Each structure stands twice: as C-alpha cells, then as structure tokens.
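> The structure's right below; bear with me while I get my questions together.
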Amino acid sequence: MEPVQVFADWDADGVVSAALVYYAQRYRGRFPLNEKADVGLWPGGPRSTPRNVEEVINAYRRTRSAPRVAVFLDIPLTPAVLESIKRLQREIPGIRIVYVDHHYSTLVHAKKLYQVSEEVYIGHRPTAILVYNILRSLGIRHATPRLEAFMRAVGVLERDRRAAGEKVADKVVKLAASLSKATAVTRDAELWRRLVTWLASPLPQPAPVDQGLIERVTRIAEESDRRLEEQAKLLAPSARRLGFIKLVDIRGRWKERGVSALASKLYKILRSPVAVLADAPGYPMLVIRAPGGLAYRMAVLLMKEGVAENIGGHGSIAIVRLKQVEDQKLFELLRRVSFEAQRARRRKR
C-alpha cells in the first residue's frame, strides 16, 4: 500500500488540493513525507469518506502494508468523518493524520480535530490555496504552470477575492469548472484520479477527459440548472422577510437534493440574503445564502442560541443542521440574529 493516502472532495477544490499534495510528495519529496513516495488517491465527500477509510483499513489487514500518513483535503468534519479518523488510528498504529480544510463545520469543531490529528491547517480560503501556502512555507515556491493556473482558477470559482485578483485565463476557469462538473456528475473515481495525476504531472499532456464527455456533462448541468431556476421562480413569491433576510420555507414542497443550489438561485432572484428552511433525513435544515460572511455569522449565532447542532458550507453559504424547534421561536431568532450579524459585519468594516 502507498505510504501516503489522500482523501479529497470530488469538486475542483478537492481535485487541485489532491494534485498539489501528489506533486509535492511524488515529484518533490517534501509533503507530507520528507522523501519521494507513492500516493493513494480516494475521492469522496463527508458521507463516502468513512467508506474510503474502511477500504484502506481492509487493504492493510490483507497486506499488512501500513500507510504512514493519511491526508484529508476539503472534506467537512462531521461526526462520521471524525469517527473514521479515530478508527484509522486504532487499526493502523502510528499513522499520522493531516487535515486541511475551510468548511464551517471543520472550523467550528477544530478542537475535536486537533485531538486526533498531528497536523491541522484550516482557514476561510479555498483548500487548494491553503495547501499551496503550506508548500510555499516548505520551500516549494512554484508548482507546475498547469497546476498553478488551476489553483488560481479554483480561487475564482470559490469566490476567493485575493485569488480572483490574480489574472486567470477564462478558458482555464471554464475548463476547471467543466472538469469539476464531470467528476461531480459522473462520480467516476478513476476519472478523478486521472485528473489529479494529470494536474500534478510536470510533463505536457492532453487533459484525460474527451471533449464529448465534457459536452455531455455540460448539457446535463445546464438542464439541471434550468429546472432549478424554474422551481426557484415558483418558490420565490412565498418568501417572508425576517430582519435582513428573506425566509423561504420549502418543507413538504421539496423532495430533491440541491437545497444549497436552490438557495443560491433564490438569492439572485430575490436580490436579498435568503434562508431556506428544508427537510433533511431525520432533522430540519436551514441553508443561509448571504454575502460578506453574513451567512456564517448568522449560523454561529444560531448555534450559540442552542437551536443549531452543526454548521456546514463555506464562503457565502451556511448549511445549518437544526434541532427540533417551534417555528415561531426559530423565526424570531432568525430575525434577531440577522440584525446582530449585520451589525457585527459593519463593525468589522
């Protein structure tokens, strides 16, 4: 088994983060081990990462070849992910844990993460940029031109202001977005791995995705986006104002996935910060879409008030797992925390 096992998200940020680590380890021998070594690659989100960890454990049991480091990239810390890390440490003695991420749930539960990880790098910037800064601190001043271009493209896609200030060719951003959609839609692990190794390779090579696949995925994404916008337009008139935000209650009216994408559509249609109240399996969920950190501030205040159990999301969107609470109490809290978060935002300016 490869000495370094990398677990990273399916999207562009996860792909580029994994490629940066792959490049630093395989070609430069600097991170996370201070020697050149092979790298195992595992794409997945917070739900599938525990299964990927279990596969690594099972492979170790079969071969008795133990990986030395497990690196988690761009994966929100959830109770299931945290437990999978603990299990990895129990089953493979001496394995080192490295965690790099920018999601709210990871930031909120950082103390728990520090208890099980040797190295933790968390912040509000995209994970790829966090990894890039780690490599720079280790003396890797430049990655390959292709990898650096995609790292900056991720900054644009993730709405990172400092990265967006870099000049990035539109075609690179579009390609990064298309490749991200290709992996997100197909959930093809081998395609994801080919993208990571292609980005990391210092050799000039054509992209490992044929134009036909990109076109098919783009059509699927465009059709899905069109349907989502139509549904958002139907739901928008039901919005009610609560302080600085508008609440759209879709409980009992929305059975599909993609509540975060729906919130973003409603944000554009209503031209106002929005909170979407939805049903999730086993608990109510609130998705807040607002600019300038307002979503995160509101989510943290809801957690302090005792009505939120966990916070996900990043950037300008917060995904809040709610406790069971009476509607009227929740609505009053939303009104109040929207004012408090807005005041805090103004003081920061």
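> Give the residue that is surrounded by the fewest Cβ atoms within 10 Å (Cβ to Cβ), with candidates limited to residues of the range 2-52 that are of a type in the set (A, V, I, L, M, F, W, C), in contact with a Leu (Cβ under 9 Å, 6 or more places away or on another chain) and not in a helix (DSSP H, G or I).
Among those that are of a type in the set (A, V, I, L, M, F, W, C), in contact with a Leu (Cβ under 9 Å, 6 or more places away or on another chain) and not in a helix (DSSP H, G or I), it is Phe31.
> Could you check how many residues of the range 219-237 are without any contact (Cβ under 8 Å) to a residue 24 or more places away in the chain and of a type in the set (A, V, I, L, M)?
1
> Only one of (1) modelled with pLDDT of 95 or more; (2) within 23 Å of the chain's Cα centre (by Cα); (3) not charged (D, E, K, R) fails for Pro237. Which number is that?
Only one criterion in (1) modelled with pLDDT of 95 or more; (2) within 23 Å of the chain's Cα centre (by Cα); (3) not charged (D, E, K, R) is unmet by Pro237, namely (2).
> Could you give every pair whose Cβ atoms fall below 7 Å, whose first residue belongs to the range 21-40 and is farther than 16 Å from Pro202 by Cβ, and whose second residue is among the basic types (Lys, Arg) and part of a loop (DSSP other than H, G, I, E, B), counting only separations of at least 6 or pairs across chains?
Pairs found: Leu33/Arg68.
> Can you name every residue in the range 20-48 that is of a type in the set (Gly, Ala, Ser) and under 19 Å from Pro67 (Cβ atoms)?
Matches in the range 20-48: Ala24, Gly29, Ala37, Gly40, Gly44, Ser48.
> Would you mind stating whether Val185 is under 22 Å from the mean Cα position of the chain (by Cα), surrounded by fewer than 18 Cβ atoms within 10 Å (Cβ to Cβ), at pLDDT below 75 and part of a helix (DSSP H, G or I)?
Taking the combined requirement at face value, the residue satisfies it.
> May I pose another question? Given the criteria of a type in the set (A, V, I, L, M, F, W, C), over 25 Å from Ala295 (Cα atoms) and surrounded by fewer than 17 Cβ atoms within 10 Å (Cβ to Cβ), does Leu88 qualify?
Taking the combined requirement at face value, the residue does not satisfy it.
> Further question on the same structure: Mind checking whether some residue in the range 269-282 is among the hydrophobic types (A, V, I, L, M, F, W, C), farther than 21 Å from Gln324 by Cβ and surrounded by fewer than 18 Cβ atoms within 10 Å (Cβ to Cβ)?
Yes, the range 269-282 contains at least one residue that is among the hydrophobic types (A, V, I, L, M, F, W, C), farther than 21 Å from Gln324 by Cβ and surrounded by fewer than 18 Cβ atoms within 10 Å (Cβ to Cβ).
> For the range 96-119, which residues satisfy the criterion of being under 30 Å from Arg62 (Cβ atoms), of a type in the set (Val, Ile, Thr) and out of contact with any Pro (no Cβ under 6 Å at 6 or more places or on another chain)?
Ile97, Val100, Val116
> What is the residue count in the range 91-142 for residues that are in a loop (DSSP other than H, G, I, E, B), crowded, with 16+ Cβ neighbours inside 10 Å and of a type outside the set (S, T, N, Q)?
Residues meeting the conditions: 8.
> When you scan the range 280-317, how many residues do you find that are out of contact with any Pro (no Cβ under 6 Å at 6 or more places or on another chain) and in a strand (DSSP E or B)?
15
> State whether the residues of the range 337-346 include one that is buried (at least 22 other Cβ atoms within 10 Å of the Cβ), out of contact with any Leu (no Cβ under 6 Å at 6 or more places or on another chain), assigned to a helix (DSSP H, G or I) and not aromatic (Phe, Trp, Tyr).
Yes - at least one qualifying residue is present in the range 337-346.
> Sticking with this structure for a sec: Looking at Ser65, is it on the phi < 0 side of the Ramachandran plot, of a type in the set (Gly, Ala, Ser), in the same structural domain as Phe150 (by TED's automatic domain parsing) and crowded, with 24+ Cβ neighbours inside 10 Å?
It is false that Ser65 is on the phi < 0 side of the Ramachandran plot, of a type in the set (Gly, Ala, Ser), in the same structural domain as Phe150 (by TED's automatic domain parsing) and crowded, with 24+ Cβ neighbours inside 10 Å.
> Follow-up. Restricting attention to the range 136-148, report how many residues are hydrophobic (A, V, I, L, M, F, W, C) and farther than 16 Å from Ser201 by Cα.
Qualifying residue count for the region: 1.
> Please enumerate the residues belonging to the range 13-27 that are in contact with a Ser or Thr (Cβ under 6 Å, 6 or more places away or on another chain) and among the charged types (D, E, K, R).
Within the range 13-27, Asp13 is the sole residue that qualifies.
> Going through the range 291-349 one residue at a time, which ones are among the aliphatic types (A, V, I, L, M) and either assigned by TED's automatic domain parsing to the domain that holds Leu157 or closer than 16 Å to Asp279 by Cα (or both)?
Scanning the range 291-349 gives Val307, Ala308, Ile311, Ala318, Ile319, Val320, Leu322, Val325, Leu330.
> Also, I was wondering about something else. Mind checking which residues of the range 188-213 are at pLDDT 75 or above, buried (at least 17 other Cβ atoms within 10 Å of the Cβ) and assigned to a loop (DSSP other than H, G, I, E, B)?
Ser201
The values are calculated or read from the model by the stated rules, or taken from the named source; none is laboratory data. Keep in mind that this is a model prediction, so the values were computed, not measured. Because the Cβ atoms are built from the backbone with ideal geometry, glycine has one as well, and the counts that use them run over all protein chains shown.
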